[in-house]
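The values are calculated or read from the model by the stated rules, or taken from the named source; none is laboratory data. On a predicted model such as this, the values are computed, not experimentally measured, just so you know. Please note: Cβ atoms are built from the backbone with ideal geometry, for glycine as well, and neighbour counts cover all protein chains shown. Areas reflect the complete protein model, heavy atoms only, side chains present, ligands, DNA and RNA absent. Shrake-Rupley method; radii C 1.70, N 1.55, O 1.52, S 1.80 Å.
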Amino acid sequence: MQELSIFAPEVCDNYRMNNWDDVRFFLQVARSGNVTSAARALGVNHSTVTRRISALEDRYGVRLFERIPSGYQLTEDAAEIFDLALEIESQNQTFARKLQGQDARLQGKVSITMPDDIFHAFMVGEFVRLQQQYPDLVLNILVDKGLKNLIAREADIAIRVTANPPDYLIGKQASHLEYALFQPRNLNVGDFTPIITWESENAVPSWANDLIEHPKIVMQVNDLLSMYSAVAAGLGVARMPVFIDNMRKDKRVLRRPDVLPASGWGVWVLSHVDLRKTARVQACRNFILNSLEENKALFTT
């Protein structure tokens with residue numbers, strides 16, 4: 001079998017720049033395990049992925065994947081160079097970030113990721129002002145579940161609710177995050193007090209055992225807006241950050257006077273260090289940070 005010269009060290013540096021697409025297709029199929037998922041992630045059709053992988057194998061005379069009933073599996077030889085392909089991917093991402101980091105124009109697309117509750121309850125109105133201030137910017141707002149990867153440039157700026165942001169990101173905590181207990185204004189309590197928890201909480205949480213009489217989980221949710229809506233509808237008591245009630249102001253929701261332990265969480269505005277000189281990213285980051293700091297009371301009282 002021919003040596004895997006596609007990733008040989010002596011040609012690797014030149015290959016990174018000229019043949020990144022080959023590595024990109026190889027990695028996506030390896031990660032996905034099937035062509036259909038890889039094509040969706042790459043934004044191409046099924047036949048394009050199949051053709052590119054076949055051409056890559058033919059060009060270097062090596063089999064990269066075994067075709068199995070469930071999809072594609074790395075061959076033993078290809079598995080040996082998978083880590084090197086990841087290194088090539090990382091270096092290309094670094095190159096792209098550093099190149100973007102020199103951009104001094106206040107125009108173009110800026111991708112911003114954040115929790116959907118902060119977007120809908122607060123930031124959407126602030127973005128009206130941002131767009132008026134920088135009319136040549138195109139805001140790409142990402143509010144889907146899961147954290148976007150700023151290293152892989154899935155987003156340029158992140159608003160994150162966290163206790164400890166990653167070390168590779170730069171930024172600032174815009175506000176401390178305060179929590180309280182909320183209940184329906186007309187809560188129906190019988191033999192137990194109904195509570196609403198996160199889907200990951202498989203047992204009655206400590207706040208409920210400490211502060212609620214005979215708590216019983218009646219609903220579990222996976223996002224804050226759903227939790228707040230459930231409380232407003234009369235389903236039970238929930239522990240939530242105070243900003244959701246300060247911003248929504250639903251008269252059906254009553255904040256309880258219980259004193260909760262201080263939270264170590266905060267609202268952070270973050271971006272990758274390589275983008276610190278990009279004018280449009282810097283402008284958006286500063287605007288978002290100032291907006292959150294000016295409205296700090298929404299998150300703390």
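Taking the stated definitions as given, is residue 103 surrounded by 14 or more Cβ atoms within 10 Å (Cβ to Cβ), at pLDDT below 80, closer than 20 Å to residue 154 by Cα and of a type in the set (Asp, Glu)?
Criteria met by residue 103.
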Task: Hits in segment 48-73 - residues which are open to solvent by less than 50 Å² (accessible area, probe 1.4 Å), in contact (Cβ under 8 Å) with a residue 24 or more places away in the chain and within 16 Å of residue 25 (Cα to Cα) - done: 49, 53, 56, 60, 62, 64, 65, 71, 72
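Would you confirm whether any residue within segment 211-222 is modelled with pLDDT under 95 and either over 16 Å from residue 185 (Cα atoms) or surrounded by fewer than 15 Cβ atoms within 10 Å (Cβ to Cβ) (or both)?
First, pick out the residues of segment 211-222 that are modelled with pLDDT under 95: 213, 222.
If we keep only those that are either over 16 Å from residue 185 (Cα atoms) or surrounded by fewer than 15 Cβ atoms within 10 Å (Cβ to Cβ) (or both) as well, we get 213, 222.
Yes, that holds for at least one residue.
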Open item on the list: Suppose we filter segment 274-294 for residues that are more than 11 Å from residue 157 (Cα to Cα) and open to solvent by 50 Å² or more (accessible area, probe 1.4 Å); how many remain?
Closed with: 4
Open item on the list: Please go through segment 223-249 and give me each residue that is among the acidic types (Asp, Glu) and surrounded by fewer than 16 Cβ atoms within 10 Å (Cβ to Cβ), ordered by number.
Closed with: 223
- [ ] Go through segment 31-46 and give me each residue that's hydrophobic (A, V, I, L, M, F, W, C), farther than 13 Å from residue 70 by Cα and in a helix (DSSP H, G or I).
- [x] 38, 39, 41, 42
Open item on the list: Out of the helices (runs of 4 or more DSSP H) lying entirely within segment 156-254, which hold 2 or more residues that are within 21 Å of residue 264 (Cβ to Cβ), touching a residue at least 40 places away in the same chain (Cβ under 8 Å) and not hydroxyl-bearing (Ser, Thr, Tyr)?
Closed with: 206-211, 242-248
